[in-house]
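Some notes on the structure that comes next.
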Amino acid sequence: MTKIKLTPPQFLVFVFLSFILFGTFLLKLPFASNEPISWTDALFTSTSAMTVTGLITVDTGTAYSVFGEIIIMLLIQVGGLGIMSFAILIFMMIGKKIGMRQRMYVQQALNQTTVGGVILLVKRLFIFSIIIESIAVVFLTLRWAPEMGWGQGLYASIFHAISAFNNAGFSIWSDSLMGYVGDPVVNIIITFLFITGGIGFTVLSDLWAKREFRHLSLHSKLMLIGSLIINLIAFLTIFIFEFNNPATLGPLATGDKIFAAYFQAVTPRTAGFNTLDIGNMEDPSIILMLLLMFVGGGSASTAGGIKLTTFLIICFAVFTFLKGKYEIVIMRKTIDPHLLVKALAISTIGLAFIFTAILLLSITEREAPILTVIFEVFSAFGTVGLSMGLTSKLTVIGKLVIILMMFIGKIGPLTLAFSLARQSVENIRYPKEDILAG
């Protein structure tokens with residue numbers, strides 16, 4: 001009997017699909033829902049939870065029972081921290097030796113350049129998640145328990161803490177967090193969770209080990225500075241565009257406007273929660289959010305998108321070309337040209353999938369405005385979970401397209417491409433010749 005050998009990308013795709021299908025089966029159980037749920041909707045919810053997206057075709061809080069919500073919560077935690085990370089944790093707990101193949105799987109899952117240090121990263125990953133989520137649960141419970149009672153307040157806190165830290169965007173309330181648009185505690189804690197989860201475990205581990213900014217790796221410095229700048233620009237832009245919009249910031253007090261603009265500026269980078277009605281936001285705000293959703297968070301994080309460092313490498317490459325230079329230099333460090341090729345490959349493949357999905361949905365969802373369709377696709381690819389109201393109205397084919405986009409967005413365009421393509425080492429070098437470009 002021939003033994004099938006899977007490459008790390010193929011294994012990752014296989015395991016992810018297996019968990020999604022298992023989650024679908026659990027959500028289809030009679031006691032998992034309060035109303036009849038179709039197989040398509042169960043598959044959609046399972047995929048959305050496992051890919052930590054947050055798009056929903058049925059309302060989480062009303063359609064699913066507590067058992068169903070717990071299944072969704074577990075899928076979010078496993079999908080956010082990584083299946084292979086949990087597998088390594090189990091191996092360590094039972095004292096089983098972790099071989100090179102397992103380390104390679106974790107390397108692929110966490111998008112690391114080498115296998116060295118991946119086990120330490122997994123250990124820190126779980127320590128970070130337990131500490132951060134636990135602290136958040138305490139603060140959220142103190143906020144919600146007086147309002148809902150200690151039992152419901154604690155449950156809501158656990159659900160939203162896990163959902164936020166893993167950048168999932170699932171909520172047990174139909175209007176997400178719109179009821180807390182100006183609430184300081186909810187705004188600060190929830191945004192702290194998804195910004196921390198989205199910045200990347202590599203950065204958190206680097207901060208833990210080195211403490212001082214000047215000793216951090218170039219990747220960590222780029223993520224911290226880049227996140228601060230892009231979040232600040234997004235905040236100011238949305239605050240200006242939406243200031244007088246009667247359907248969003250217009251009716252709010254000045255303090256609430258600041259909180260709402262801040263929340264909506266940082267959430268498109270794959271968090272998925274909203275305190276404003278996305279469907280009523282101004283077109284310039286929507287266009288900005290498309291870019292934020294495409295860029296996403298950090299590598300080895302719970303976030304999706306092409307990743308901020310990928311976007312920054314391309315930007316620095318453009319600046320390098322405009323200056324007439326050949327080497328990309330960032331903070332006195334020369335970037336390997338292979339990284340630019342990888343960044344371009346990720347972006348190009350991602351845009352190809354996005355364009356194809358938009359084309360398909362423009363056929364299947366003929367009554368939906370094209371901007372709404374585009375927003376839905378970008379949200380799915382970036383595993384964001386924000387919607388302008390199209391998700392629940394999707395046709396069956398439309399749901400399957402979005403399911404595929406969520407899966408691709410979580411796995412990553414390159415991982416999917418590598419799992420399907422047969423890679424070979426080229427031993428022959430050919431003469432160079434220029435072609436005209438531009």
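Coordinate-derived values only; no laboratory data. All of these numbers come straight from a predicted model, not from anything done at the bench. Cβ coordinates were reconstructed from backbone atoms using ideal geometry, including for glycine residues, and neighbour counts include every protein chain displayed.
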Which whole-number percentage describes the relative contact order of the chain, with Cα contacts under 8 Å and a sequence gap of 6 or more? 18 percent
Total formal charge among the other residues, if their Cβ is under 13 angstrom from that of PRO413, Lys/Arg +1 and Asp/Glu -1: +3
Range in the chain, longest, excluding exposed trypsin sites (Lys or Arg not before Pro) [loop by DSSP; at most 16 other beta-carbon atoms within 10 Å]: 98-210
Among (i) 0.94; (ii) 0.96; (iii) 1.00, the entry derived from the coordinates for Rg/Rh (Cα atoms, Kirkwood Rh): (ii)
Among ALA168, ALA271, ALA261, which one shows the biggest mean-square fluctuation in a GNM of the chain, springs joining Cα atoms closer than 10 Å? ALA261
Which whole-Hz couplings ³J(HN,Hα) result when phi for each residue of the stretch 321-327 is put into the Karplus expression 6.51 cos²θ - 1.76 cosθ + 1.60, θ = phi - 60°, listed in order with x for Gly and Pro? 5, 5, 7, x, 9, 10, 9
Go ahead and set up a Gaussian network model of the chain, Cα springs under 10 Å, then flag whichever of PRO268, PRO184, PRO413 fluctuates most. PRO184
Near the amide H of TYR64, under 5 Å away, which other amide H atoms are found, from residues 5 or more places off or on another chain, if H is placed in the peptide plane? ASN34
